[in-house]
Amino acid sequence: MEFVDLKTQYSILKTKINERMNAVLEHGQFIMGPEVMELEERLAARTESRFCVGCASGTDALLIALMALGVGPGDEVITTPFTFVATAETIALLGARPVFVDIDSRSYNLDPKLLDQAITLHTRAIMPVSLFGQCADMDAINALASERGIPVIEDAAQSFGATYKGRQSCNLSTIGCTSFFPSKPLGCYGDGGACFTNDQELATRMRQIRVHGQDRRYHHPLVGINGRLDTIQAAVLLAKLETFDTEIADRARMSTSYSEKLSDVVMTPFVEPSTTCVYAQYTIQADNRRDLQEVLKANGIPSAVHYPVPLHLQPAFFVPETNIGSFPQAEAAAQRVLSLPIHPYLSDSDQTKVIEVVREVVSNAATCPSN
Ligand SMILES: Cc1ncc(COP(=O)(O)O)c(C=O)c1O
């Protein structure tokens, strides 16, 4: 059983993917070829954003967004400690300081109730993450941010295709950033990402930053990076986009099935009724996570911990002001979360096997006094 089954997906979409990739090999415009513009148009339309800027990765998308907003040394950017490292890494790379705010224990996303107290005169941006495929409470975050005149970047690396109160993830704030890492709900065959905005000036800056800060060849009004999306990757994404909605529906169906059959024995994902989740991960909580993971492995079932160490406890982001106990919800989640296999090609029989093993381990632990 695969955690994410890209081989089966390829065998089903092979003709379309090969056609698209071969077209790039034929025309030879590997850098900023026509597929990049075509994809940007398609993704902008899909998210109802005015602008989409393809990037070399989700990490570069975040970096480009922060650079476009002018984040630099001495600035603070508020974010969550319960996320993939890239969220805070990009802030630190620019010489700014990630300021963490604890998460809501049910959604795993930044708790807007705690935001106000973290804002200072140095706060230059707020960067919530739409974790596991469900949007953060963007209305609450945006409301506070706009009161204080602070831009908001949605780290939507895991949530492309999700909706929040009827609107699309990536188009919920000043800038939205996503990732097309192969295992993401919409993934390419290498690294890829995109930034979204409705602000023309920001879009122009982001387009320049992704190509060494240039506005025309060898003219550089800004300091930038080499952050372009490869044409080949855009071609793969165009092919995969055709079945993306069906795949999202399949993920949702599988998550419903998991939750129906597991919610009496473990904590299953909580999805706000006003949102739809793309289930980049299907993440449960269990007391005996290590045992559960071992038994799953012994039964040929892969699982993963997203994420075992919150970022404020990572040496790279250590500051004396925060330590163990500073963000109790993130720390508690890090001890207990476990992601189960979920992808559009997971067979019913494989899913049944996962459910049976989880139920058995958890029930045994409950009845065995030594545990
Ligand atoms: C929340 C989050 N932010 C940023 C990233 C970085 O994306 P990429 O791996 O495409 O650079 C990821 C990727 O896993 C992620 O999950």
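Some values worked out for this structure:
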{"quantity": "Derived scalar couplings ³J(HN,Hα) [the range 290-303; Karplus, 6.51 cos²θ - 1.76 cosθ + 1.60; whole Hz; x for Gly, Pro]", "calculated": "5, 4, 4, 5, 5, 5, 4, 4, 4, 9, x, 10, x, 8"}
{"quantity": "Relative contact order %, the chain, counting alpha carbon pairs below 8 Å whose residues are six or more apart", "calculated": "21"}
{"quantity": "Loop sites in the range 314-371: chymotrypsin sites (Phe, Trp or Tyr not before Pro), DSSP, at most 13 other Cβ within 10 Å", "calculated": "318"}
{"quantity": "Dipole magnitude (debye, nearest 20) for the range 79-143, charges at Cβ of Lys, Arg, Asp, Glu", "calculated": "160"}
{"quantity": "The range 90-185, dipole about Cα centre (Lys/Arg Cβ +1, Asp/Glu Cβ -1), debye to the nearest 20", "calculated": "180"}
{"quantity": "Unit charges on C-beta of K, R, D, E only; dipole of the chain, Debye", "calculated": "500"}
{"quantity": "Cα shape, the range 157-266, gyration tensor, a/c 1.5 rule", "calculated": "prolate"}
{"quantity": "Cut-off under 5 Å, modelled amide H: who pairs with residue 267 long-range", "calculated": "285"}
{"quantity": "Calculated log₁₀ intensity ratio I(q)/I(0) where the Debye formula runs over C-alpha points of the range 9-123, q = 0.13, 0.21, 0.22 Å⁻¹", "calculated": "-0.74, -1.16, -1.20"}
{"quantity": "Globularity ratio of the range 17-63, using Cα Rg and 2.2 N^0.38 Å", "calculated": "1.29"}
{"quantity": "Largest to smallest principal axis extent of the C-alpha atoms in the range 229-371, angstrom", "calculated": "51, 44, 34"}
{"quantity": "Derived scalar couplings ³J(HN,Hα) [the range 24-38; Karplus, 6.51 cos²θ - 1.76 cosθ + 1.60; whole Hz; x for Gly, Pro]", "calculated": "5, 4, 6, 7, x, 8, 6, 10, 6, x, x, 5, 5, 5, 4"}
{"quantity": "Most to least packed among 6-13, 203-210, 71-78 [average Cβ atoms within 10 Å]", "calculated": "203-210, 71-78, 6-13"}
{"quantity": "Extension reserve of the residue 226-residue 319 stretch, reckoned as 0.36 nm per residue once the Cα distance is removed", "calculated": "30.4 nm"}
{"quantity": "Equivalent-ellipsoid semi-axes of the chain, from the Cα gyration tensor, Å, largest first", "calculated": "33, 28, 17"}
{"quantity": "Label-point gap, in nm, between residue 92 and residue 253 - each point 7 angstrom along Cα→Cβ", "calculated": "4.3"}
{"quantity": "Projected area averaged over orientations for the range 297-336, convex hull of C-alpha atoms, nm²", "calculated": "3.5"}
{"quantity": "Fraction of alpha-carbon pairs over 14 Å apart in the range 284-351 - percent", "calculated": "65"}
{"quantity": "As computed over the range 102-159, the Cα convex hull volume per residue (Å³)", "calculated": "72"}
{"quantity": "Listed peptides 166-177, 240-251 by packing density, highest first (mean Cβ within 10 Å)", "calculated": "166-177, 240-251"}
{"quantity": "Net charge, residue 35 excluded, C-beta distance under 15 Å - Lys, Arg +1, Asp, Glu -1", "calculated": "-2"}
{"quantity": "Sequence-distant residues sharing a close amide H with residue 33 (under 5 Å, placed H)", "calculated": "231"}
{"quantity": "Packing rank of 258-264, 80-86, where each peptide gets the mean count of other beta carbons within 10 Å, highest leading", "calculated": "80-86, 258-264"}
{"quantity": "Vicinal HN-Hα couplings computed from phi for the range 240-248 (Karplus, 6.51 cos²θ - 1.76 cosθ + 1.60; Hz; Gly/Pro x)", "calculated": "6, 4, 4, 10, 4, 5, 5, 5, 4"}
{"quantity": "The range 244-302, Rg to Rh (Cα coordinates; Rh as Kirkwood inverse mean 1/r)", "calculated": "1.01"}
{"quantity": "Distance between modelled label sites at residue 348 and residue 41, nm, 7 Å Cα→Cβ extension", "calculated": "4.2"}
{"quantity": "Positive-pole candidate from 129, 324, 110, dipole of the chain, charges at beta carbon", "calculated": "129"}
{"quantity": "Relative frequency of Cα-Cα separations exceeding 20 Å in the range 62-219, percent", "calculated": "47"}
{"quantity": "Positive dipole terminus of the range 251-371, leading residue within 277, 298, 337 (C-beta point charges)", "calculated": "298"}
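Taken together, the values in this text are just the output of simple stated rules run on the coordinates, not laboratory data. Here the structure is a predicted model, which is why all the values come from computation and not from measurement. Counting neighbours? That spans all protein chains shown, and the Cβs are built from the backbone with ideal geometry, glycine included.
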